[in-house]
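*Asks:* One structure, pasted below without further comment.
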Amino acid sequence: MADSQTVRLPQMAWYGDTTIDIDFPDSWDVTVCHTHGQSALALGDAGMRKAFAEPIGTKTIREMARGKKEVVILFDDLTRATPTHVLLPYVLEELGQAGITDEHIRLIAAIGAHGVMNGVCLRKKLGEEPMERFLVYNHNPYEFCTPLGSSSQGVPVVVNSEVMRCDLKIGIGSIVPHPLAGFGGGGKVILPGVSSVETISVNHNKLGTLPTVDVGKYEGNVARADIDEAARMAGLDVKVDAILNLKREVTALFVGDVVQEHREGVKLAKTHYAADFTGDCDIVIANCYFKANEVTLAPRVAHPFLKSSGGDMVFIAITPEGQITHYLGRTFGANIGGRTWFERSTLPPNTRRLTVMSPYPDKVGADWTGPYDRVNRARTWKDVRSMLEKTYGRTAKVAVIPDATSQYFPGEPALHTASAL
C-alpha cells in the first residue's frame, strides 16, 4: 500500500522459520525496538570448538568423562530456541574421545512442568540420528524423582532419578531473558528442568514475586540463586549455553561450570538482548517468535510501553502447536488451574484491549494472558490493522517489539514483579 510503512518480523520457530510483514499508515509514529545483538553473526565451527576446548571453571568434557560409567545429557523443549541439534554433536564427540559408548549415554528432555515432547518434537530438537542411536526420555515431574534435601530458601530439591543415577551430568541450553530467573540457561536445566512438581511449585510460588525477581534481574535474584543451588545439589557437571541472534543462530557459546559459565554468558546477554524503551504509546505490537508457544512471557515486557491512560496490546503468536501445556500455570477447566495458576479477572491496568493474532485460533490458549472473554482474536494482520485504524484514525504512537519472548528493556519502568512461569 502506498500510504503504508512496513515492518518484517520473524515467525514459525521450529516450523520453517519464516517471516511476516505488518504495515501501518504512514501518518502513524512507529518505532521498532531492535535488540543490540539481533544481527550478530553466527559462530562458526572454530568458535564452537574453542568453547569446548577452553571451558570456564571445569576440565573439558572429554577429561571429565574418562572413567565414567553412565552419562546423561539434558536438553530443553520447543519453548526454548536452543538449536540442540547443532550443539549435541560437539558434546558427543567429546564423550567419544573419552571412550564413552552409545549404550552408556541417555538424553532426557528437561521439560519441567511442561507437556511431554513426542517424536516429532524430539526430532525437531535433536535431529534424526540421536533418536536411533540413544535412549531418549521425557522428564516426569510427578514420579521417579529423588529427594536431595532442602535449599537455603527452604525449597525441597527433588530431582529426576534417572539423572541422579548417572555419574556424568551435562546440560545443553541457551541464555535468554526470563521473568523468574532474570536470564534463562544455567541451572534451569535442573530446576525446573528435571525437578519434581513440588520443587518447581515451591520455587516459583515462594520466590517468584519477590522484588529481586524480574526480567533481566540477575545480581541478587533470590530465585536464580535457588536454581543455582539446586543444580549444585544435583551434581550437574557441565553446562553448555548459547547466545542466539534473531535467526536462532548461535552467536556465542559458553561451556563449563554451571554457575561460572552462566555468569560469563549473562555479561554478554545483558547487552545482546537489550533494546531501547519507548513509552507513552497508544499501541504496542509484541511479536512472539522464540517462544510463540509461551505468550505468557509477553505481557510483562509489552504493557509498560502503553500510556498510563490505556492502549492496545497486540500479540502476534503464530505456531501450529498452540500454547504449551503447563501443568503449573495453565487451566484445566473453566475455573480449575495448576498450582501457580490464578484466575485472571482483568488485563493489565493500562491495557484497554488485548488482541492475539494467529491463523490457528485457540480460545483456551489465552488462559495465561487474560480472562477468556477479555481477549480479542484475529486471524490476519489485515484484520488487526483495520481494527486499530477504526480506533485511532490517522494518528497513533506505536512500538513494535520484534520478539517479546527473547528481549528486554533495561530502561523500562518496573511496574510490577514477575508472574513467574
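The values are calculated or read from the model by the stated rules, or taken from the named source; none is laboratory data. Values in this document were obtained by computation on a predicted structure and should not be read as measured data. Cβ atoms come from the backbone with ideal geometry, glycine included; neighbour counts cover every protein chain shown. Surface accessibility is based on the protein's heavy atoms, side chains included, excluding ligands, DNA and RNA. Shrake-Rupley method; radii C 1.70, N 1.55, O 1.52, S 1.80 Å.
*Asks:* If you take the beta carbon distance between residue 280 and residue 63 as r and set R0 to 41 Å, what does 1/(1 + (r/R0)^6) give as a FRET efficiency, to the nearest 0.05?
*Replies:* For R0 = 41 Å, the calculated efficiency reads 0.15.
*Asks:* Calculate what fraction, in whole %, of the accessible area of the stretch 103-193 sits on carbon and sulfur atoms when a 1.4 Å probe is rolled over the protein chains.
*Replies:* Accessible surface attributable to carbon and sulfur in the stretch 103-193 totals 51 percent.
*Asks:* Find how much the distance from residue 97 to residue 5 grows on full extension, using 0.36 nm per residue of separation minus their present alpha carbon separation; answer in nm with one decimal.
*Replies:* Working it through step by step, the gained length comes to 27.7 nm.
*Asks:* Please report the carbon-and-sulfur percent of the accessible area for the stretch 314-398; probe 1.4 Å, protein heavy atoms only, DNA, RNA and ligands left out.
*Replies:* C and S fraction of accessible area: 52 percent.
*Asks:* On average, how much accessible surface per residue is there in the stretch 146-253, in Å², for a 1.4 Å probe, leaving out ligands, DNA and RNA?
*Replies:* It amounts to 27 Å² per residue over the stretch 146-253.
*Asks:* Applying 1/(1 + (r/R0)^6) with R0 = 30 Å to the Cβ-Cβ distance of residue 346 and residue 18, what FRET efficiency is obtained, to the nearest 0.05?
*Replies:* Numbers: r = 34 Å, r/R0 = 1.15.
The formula returns an efficiency of 0.30 here.
*Asks:* Write down the radius of gyration of the stretch 202-323 and its Dmax, each obtained from C-alpha positions, in Å.
*Replies:* Just the Cα atoms of the stretch 202-323 yield Rg and Dmax of 16.9, 50 Å.
*Asks:* So if the hydrodynamic radius of the chain is defined as the Kirkwood radius over C-alpha pairs, what does Stokes-Einstein give as its diffusion coefficient at 4 °C and 1.567 mPa s, in µm² per second?
*Replies:* On the way: Rh = 21.8 Å.
Reported coefficient: 59 µm²/s.
*Asks:* At a threshold of 8 angstrom on Cα-Cα distance, excluding pairs fewer than six apart, so keeping six or more, what relative contact order does the stretch 242-309 reach in percent?
*Replies:* 25 percent
*Asks:* Here's something else I'd like to know. On C-alpha positions alone, give me the angle between the axis of helix 381-392 and the longest principal axis of the chain, in degrees, nearest 10.
*Replies:* 50 degrees
*Asks:* Grab the beta carbon distance between residue 383 and residue 36, set R0 = 35 Å, and tell me the FRET efficiency rounded to 0.05.
*Replies:* Step by step, r from the Cβ atoms, then E = 0.60.
*Asks:* Per residue, what volume in Å³ does the Cα convex hull of the stretch 144-249 take up?
*Replies:* Once divided by residue count, the hull of the stretch 144-249 is 99 Å³.
*Asks:* Report the far tail of the P(r) of the stretch 302-395, meaning the percent of Cα-Cα pairs longer than 18 Å.
*Replies:* Everything past 18 Å amounts to 51 percent.
*Asks:* Once Rh for the stretch 1-138 is found with the Kirkwood sum over Cα pairs, what is the Stokes-Einstein diffusion coefficient at 37 °C and 0.692 mPa s, in µm²/s?
*Replies:* D, rounded to a whole number, is 180 µm²/s.
*Asks:* For residue 334 paired with residue 146, estimate the spin-label separation in nm (one decimal), with each label point 7 Å from Cα along the Cα-to-Cβ line.
*Replies:* 4.6 nm
*Asks:* So for the pair residue 325, residue 118, with labels modelled 7 Å out along Cα→Cβ, what separation do we get in nm?
*Replies:* 1.0 nm
*Asks:* Which whole-number percentage describes the relative contact order of the stretch 218-337, with Cα contacts under 8 Å and a sequence gap of 6 or more?
*Replies:* RCO, the stretch 218-337: 17 percent.
*Asks:* Not counting ligands, DNA or RNA, and with a 1.4 Å probe, what is residue 384's accessible surface area in Å² rounded to the nearest 10?
*Replies:* 0 Å²
*Asks:* Right, something else. What does the net charge come to around residue 215 if you take all other residues with beta carbon closer than 15 Å to its beta carbon, with K and R at +1 and D and E at -1?
*Replies:* Here the charged neighbours net out to +1.
*Asks:* On the full set of protein chains, 1.4 Å probe, figure out the accessible area of residue 214 and give it in Å² to the nearest 10.
*Replies:* Around 10 Å² of this residue is reachable by solvent.
*Asks:* Right, another one. With charges only on Cβ, +1 for K and R and -1 for D and E, what is the dipole size of the stretch 130-270 about its Cα centre, in debye, rounded to 20?
*Replies:* Numbers: 14 positive and 16 negative charges, 66 e Å.
Here the size comes out at about 320 debye.
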